[in-house]
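Asks: One structure follows; several queries about it will come next.
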Amino acid sequence: MSAAEKMSRRDEMETLLPFYLNGSLEGSELEAVEEWLASDPAALAALGEAEAEFSGTSAANEAIRPPADALSRFAKALEAEAGPVRKPAGSSFLAQAWARFMAVPVGVAWAAAAVLLALVMVQSLVQPGGKGKDFEIAGTEDDLAKMPFALVKFKPDAKMSDISAFLGGNGLKIIGGPTADGVFRLGVPAANAADYAKQLGLIAAQPFSETVMEGRKPADGG
Amino acid sequence: MTAATETDRALVDRVAKGDRAAVRLLFMRHHARVYRFVARQTGSEMMADDIANEVFLELWRQAPGFEGRSEVSTWLLGIARFKALSLLRKKKEDWIDDEAAAAVPDGADTPEVVTMKEDKAAALRRLIDALPEEHRTVIDLAYYQGQSVTEIGEVLDIPVATVKTRMFYARKKLGEALKAAGYDRGWP
């Protein structure tokens, strides 16, 4: 093999090394590089140099930091492009909660994820059609529009089994939420203000309740 | 084909059906790389921000026509490349040159002297950044974006042979620049 041919082969191998390192080389080119690495003492040094380029290029790219609010700005641009989200017919409560989760700002999304996980556990306890073993999770939109409700935040360490048992035992329903802060809207089947106040007191007294706020009271609730 | 790639394609299928959560997931997965690719292409993070956003809106618009002939990442980089070139042609604004100029060390030291003061890794990184755009781009696409020769050809819309030629000259120039800076690596 002449010196010119040797250099030509070296040039070819040097050209292929970046693709050998990124794992995209295949077939005869991969075999050629592997054979060169195994047979030429200069090849391993060349591989080391290419690895240094690999590190340098990665470092140069990683030093560029995309803006932290890129996703939330993109979400707004997408809404402007695609229009308001249509509520899918018959979409599940969980799907709606997921859609709400995906719409929250990036900064709070992960905090909300923990609450969403809890919601998944609640959802897993109910049967298709909205009826659970122990409690009803939601009614028709008309029912929900009229229903008295309270705003409730559960403690982070609350057990879902405790919550579900309590909700089911008292005819309570989760009818909305969670918000970005983890607040659920809890339907309260109270016929009057006194009953509503009593039930809110009962919810607040539970060890898993962190915050309970009044929402819509019954018609005579003043 | 990796599982991750299949998932990308499945997400594009969902986007094609109007699933906004899917396009957000793809955004989270690929945005940083697209952003960095454009920033390196244009030298402007402001342009990278605008273009990266546009790339994912384009994904939303074009998803129904995506035939899966290339990887999703390659497709996105191709869109980014096209948009970056279009914008650069359209704008030709001075601030791009200003940003590039700001990145160059002042005239007190020649590039060789600056390089001598650095360690080899820092010198290498600076010399990669100083490569002509067409050479730096193939370096970025191979080393950082993990693209194959064929995929780089798709992103840049050039023949495979041209990809190899550019890679050869990119690495040759790097070797020569390093040698001039006192780091002879034995090739070229």
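The values are calculated or read from the model by the stated rules, or taken from the named source; none is laboratory data. All values reported here derive from a predicted model rather than from experimental measurement. Positions of Cβ are generated from backbone atoms using ideal geometry, with glycine treated the same way; all protein chains shown enter the neighbour counts.
Asks: Scan the range B:35-66 for residues that are touching a residue at least 40 places away in the same chain (Cβ under 8 Å), within 20 Å of the chain's Cα centre (by Cα) and within 9 Å of chain A (Cβ to nearest Cβ) and jot them down.
Replies: B:R36, B:F37, B:R40
Asks: Answer yes if at least one residue in the range B:131-144 is surrounded by fewer than 21 Cβ atoms within 10 Å (Cβ to Cβ), within 9 Å of chain A (Cβ to nearest Cβ), at pLDDT below 95 and farther than 19 Å from A:S24 by Cβ, and no otherwise.
Replies: Among the residues of the range B:131-144, not one is surrounded by fewer than 21 Cβ atoms within 10 Å (Cβ to Cβ), within 9 Å of chain A (Cβ to nearest Cβ), at pLDDT below 95 and farther than 19 Å from A:S24 by Cβ, which makes the answer no.
Asks: Sticking with this structure for a sec: Check B:N53 against each of (1) farther than 25 Å from A:G23 by Cβ; (2) at pLDDT below 95 and name the one condition it does not meet.
Replies: (2)
Asks: Output the number of the condition that A:A75 fails; it satisfies all remaining conditions of (1) assigned by TED's automatic domain parsing to the domain that holds A:R9; (2) assigned to a helix (DSSP H, G or I); (3) surrounded by 14 or more Cβ atoms within 10 Å (Cβ to Cβ).
Replies: Unmet condition: (1).
Asks: Here is a list of conditions, (1) of a type in the set (D, E); (2) at pLDDT 90 or above; (3) farther than 16 Å from B:V38 by Cβ, and B:D119 meets all of them except one; can you say which number that is?
Replies: (2)
Asks: Please report, ordered by residue number, the helices (runs of 4 or more DSSP H) entirely within the range A:117-222 with at least 1 residues that are at pLDDT 80 or above and among the aliphatic types (A, V, I, L, M).
Replies: Working: elements: A:141-146, A:160-169, A:193-204.
Passing ranges, in order: A:160-169, A:193-204.
Asks: Please pick out the residue among A:L25, A:L47, A:L71, A:L21 that is facing another protein chain (nearest Cβ under 8 Å), in contact (Cβ under 8 Å) with a residue 12 or more places away in the chain and more than 30 Å from B:A21 (Cα to Cα).
Replies: Details: A:L25 fails: in contact (Cβ under 8 Å) with a residue 12 or more places away in the chain; A:L47 fails: facing another protein chain (nearest Cβ under 8 Å); A:L71 fails: more than 30 Å from B:A21 (Cα to Cα).
From the options A:L25, A:L47, A:L71, A:L21, the qualifying one is A:L21.
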